[in-house]
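Notes follow the structure.
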Amino acid sequence: MDNLLAPIQDVLEGQIDFHGQRLAELLSTILLILSGAISFIIGYIYKDIHLTLWVGLGGTLFTALVVIPPWPLYNQNPERWLGTPGARAEPKVFVDGVKVT
């Protein structure tokens, strides 16, 4: 069962980097503002609040589809938190110009 669920878990795990988070926030803000403005204009032209709400809901769902899944676009600049696995980390602490180990 783990063999079946592992690929699904990798897809849904949500690996995005800091630049991807910034991009997702910017996209969500822009798309929600655009969908709100478009739904208002359509509702104003047709004088129909029901249509306004449906267009706004469609824009919100489109924004969710663009922003929520961890698309590869959001993980183009991953952070390197650890060094190479075989490398030994040496402490680099200096006190009065003398290296302390």
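The values are calculated or read from the model by the stated rules, or taken from the named source; none is laboratory data. Since we're looking at a predicted model, the values are computed, not measured. FYI the Cβ positions are ideal-geometry reconstructions off the backbone, even for glycines, and counts take in every protein chain you see. We work out accessible area using only protein heavy atoms, side chains counted, and drop any ligands, DNA or RNA first. Shrake-Rupley method; radii C 1.70, N 1.55, O 1.52, S 1.80 Å.
Output the residue which, of all residues in segment 70-90 that are of a type in the set (Phe, Trp, Tyr) and open to solvent by 90 Å² or more (accessible area, probe 1.4 Å), is modelled with the lowest pLDDT. Explain how you work it out, then say what you get.
Applying the first criterion (of a type in the set (Phe, Trp, Tyr)) to segment 70-90 yields 71, 74, 81.
Narrowing further to those that are open to solvent by 90 Å² or more (accessible area, probe 1.4 Å): 71, 81.
Working: 71: 88, 81: 72.
That would be 81.
Restricting to segment 1-20, name every residue that is in a helix (DSSP H, G or I) and either open to solvent by less than 90 Å² (accessible area, probe 1.4 Å) or farther than 19 Å from residue 72 by Cβ (or both).
Scanning segment 1-20 gives 2, 3, 4, 5, 6, 7, 19, 20.
Of the conditions (1) modelled with pLDDT under 95; (2) touching a Phe, Trp or Tyr at 6+ places or on another chain (Cβ under 9 Å), residue 52 fails just one. Which one is it?
(1)
Restricted to segment 23-54, and to residues that are open to solvent by less than 40 Å² (accessible area, probe 1.4 Å) and aliphatic (A, V, I, L, M), which residue is nearest to the chain's Cα centre (by Cα)?
Residue satisfying both the conditions and the ranking: 24.
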